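First up is the structure itself, then whatever we jot down about it.
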Amino acid sequence: MPVKKILIVDDSPSDRQFLVESLTKRGYRCVIAENGADAVAKSKTELPDLILMDIIMPGTNGFEATRAITRDEATRGIPVFICTGKDQETDRLWGLRQGARDYVTKPIDLDALIDKINALG
């Protein structure tokens, strides 16, 4: 099933805006969440086709939110891509162990991200 709706989770307004503008121009419908707790809630109400998850956020961080989403019966089928400035291999491995489908580091290479999104559908 092709990706149409993407939940963008990031506490940085500029990072959110970059992704929303870039992905909307390419025909995706974007929904935003500003923190991990909001992401968990919106993953259930919005049922996006993909979640782009930042890691470092106040309150529930991206690792915790990814784990909650990928282990919940209602949302476990939604792929999560972690999009973060944390570029250590241990962070990447930990993110994948939490259930993330992929791990993308910032600054985001938009063409590479689009290729990964297209590979899902």
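The values are calculated or read from the model by the stated rules, or taken from the named source; none is laboratory data. What you are looking at is a predicted structure, and each value in this text was computed from that prediction instead of being measured. Cβ atoms come from the backbone with ideal geometry, glycine included; neighbour counts cover every protein chain shown. Surface accessibility is based on the protein's heavy atoms, side chains included, excluding ligands, DNA and RNA. Shrake-Rupley method; radii C 1.70, N 1.55, O 1.52, S 1.80 Å.
The table below lists the values:
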item	result
Value in Å of the Kirkwood radius, where the chain supplies the Cα pairs that are averaged	13.9
Unit charges on C-beta of K, R, D, E only; dipole of the chain, Debye	380
Residues of type lysines that LYS5 reaches as a straight line, Cα spacing below 20 Å, ignoring anything fewer than 8 places off in the same chain	LYS25, LYS42, LYS44, LYS116
Extension gain (nm, one decimal) between ILE114 and GLU21, 0.36 nm per residue minus Cα-Cα	32.1 nm
Heavy-atom accessible area per residue - the chain, 1.4 Å, Å²	51
Accessible-area composition of the range 34-92, carbon plus sulfur, in percent [1.4 Å probe]	47
Fluctuation leader among LYS42, LYS86, LYS25 - the chain, Gaussian network, Cα springs under 10 angstrom	LYS25
